[in-house]
Amino acid sequence: MTKGKLYVISGPSGAGKGTICKKVLEEDDNIRFSVSMTTREPREGEEDAVDYFFVTKEEFERLLAEGGLLEHNLYVDNYYGTPRKQVVQWLEEGHDVILEIDYHGAFQVRDAYPEAVLVFILPPSVEELRARIMGRGSETEETMNKRLDEAMNDLAQADKYDYRVVNENLEAAVEEVQQIMKIERSKEA
Ligand code: 5GP
């Protein structure tokens with residue numbers, strides 16, 4: 001059986017990567033989404049095993065020591081990582097798998113799986129990104145500024161990815177990601 005393809009989707013907060021992933025997943029039954037593990041507290045409305053696997057620092061470190069994580073990163077005092085087992089199983093079964101992770105994790109995945117396809121989602125402009133982050137309204141000025149700084153760091157990594165998709169229009173961005181997946185699948189044939 002042909003193994004599945006591993007896709008990593010990154011982009012700054014506010015670029016719309018989550019919405020794009022959701023749409024891509026809705027439209028293709030063969031694709032699976034890897035739920036990350038984190039030590040941060042759940043936010044309101046977040047569900048365990050859906051948004052993240054919420055674990056203690058001890059649990060995270062144990063899995064890390066056992067080699068159970070495909071990649072991980074420490075971000076603002078909390079660990080984030082991709083549980084290895086499920087991803088490997090899905091790939092073996094022939095499913096394509098999407099990881100929605102930051103660039104630190106993306107480059108670890110590329111080291112471990114050179115055949116992984118890295119896609120970076122860009123906002124149409126820095127002004128637009130600023131407006132989207134500020135427009136969320138749920139953040140304090142301090143966290144918004146911090147997210148903005150992080151977003152600028154993220155943007156600087158875009159040219160190291162295999163593909164860049166500008167999310168000016170959601171439908172078009174989703175189609176572009178689907179097109180990338182089609183191209184990558186055709187390389188296997
Ligand atoms: P948040 O706390 O806002 O959900 O996520 C914070 C950051 O961690 C975001 O940049 C997000 O992309 C990143 N992130 C989420 N899951 C993972 C993961 O499994 N691995 C890595 N390396 N980063 C992750």
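Table for the structure above
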{"read-out": "Qualifying residue in region 133-141 (condition: part of a helix (DSSP H, G or I), small (G, A, S) and at pLDDT 90 or above)", "value": "no"}
{"read-out": "Subset of region 37-49 [surrounded by 10 or more Cβ atoms within 10 Å (Cβ to Cβ) and not charged (D, E, K, R)]", "value": "M37, T38, T39, P42"}
{"read-out": "Failed condition for I101, given (1) out of contact with any helix residue (DSSP H, G or I) (no Cβ under 9 Å at 6 or more places or on another chain); (2) within 21 Å of E150 (Cβ to Cβ); (3) at pLDDT 95 or above", "value": "(1)"}
{"read-out": "Residue match in region 135-146 (condition: within 20 Å of I101 (Cβ to Cβ), within 16 Å of the ligand (Cβ to nearest atom) and in contact with a Ser or Thr (Cβ under 8 Å, 6 or more places away or on another chain))", "value": "no"}
{"read-out": "Among residues of region 1-35, those that are near the ligand (Cβ under 10 Å from one of its atoms), surrounded by 22 or more Cβ atoms within 10 Å (Cβ to Cβ) and either in a helix (DSSP H, G or I) or among the small types (G, A, S) (or both), counted", "value": "3"}
{"read-out": "Count of region 36-51 residues which are over 16 Å from K85 (Cβ atoms) and either part of a loop (DSSP other than H, G, I, E, B) or touching a Ser or Thr at 6+ places or on another chain (Cβ under 7 Å) (or both)", "value": "11"}
{"read-out": "Check on L70, over 25 Å from N145 (Cβ atoms) and either within 12 Å of the ligand (Cβ to nearest atom) or assigned to a strand (DSSP E or B) (or both)", "value": "yes"}
{"read-out": "Unique residue being assigned to a strand (DSSP E or B), over 16 Å from P12 (Cβ atoms) and away from the ligand (no atom under 12 Å from the Cβ) when the list is V165, V97, V119, V88", "value": "V97"}
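The values are calculated or read from the model by the stated rules, or taken from the named source; none is laboratory data. Here the structure is a predicted model, which is why all the values come from computation and not from measurement. FYI the Cβ positions are ideal-geometry reconstructions off the backbone, even for glycines, and counts take in every protein chain you see.
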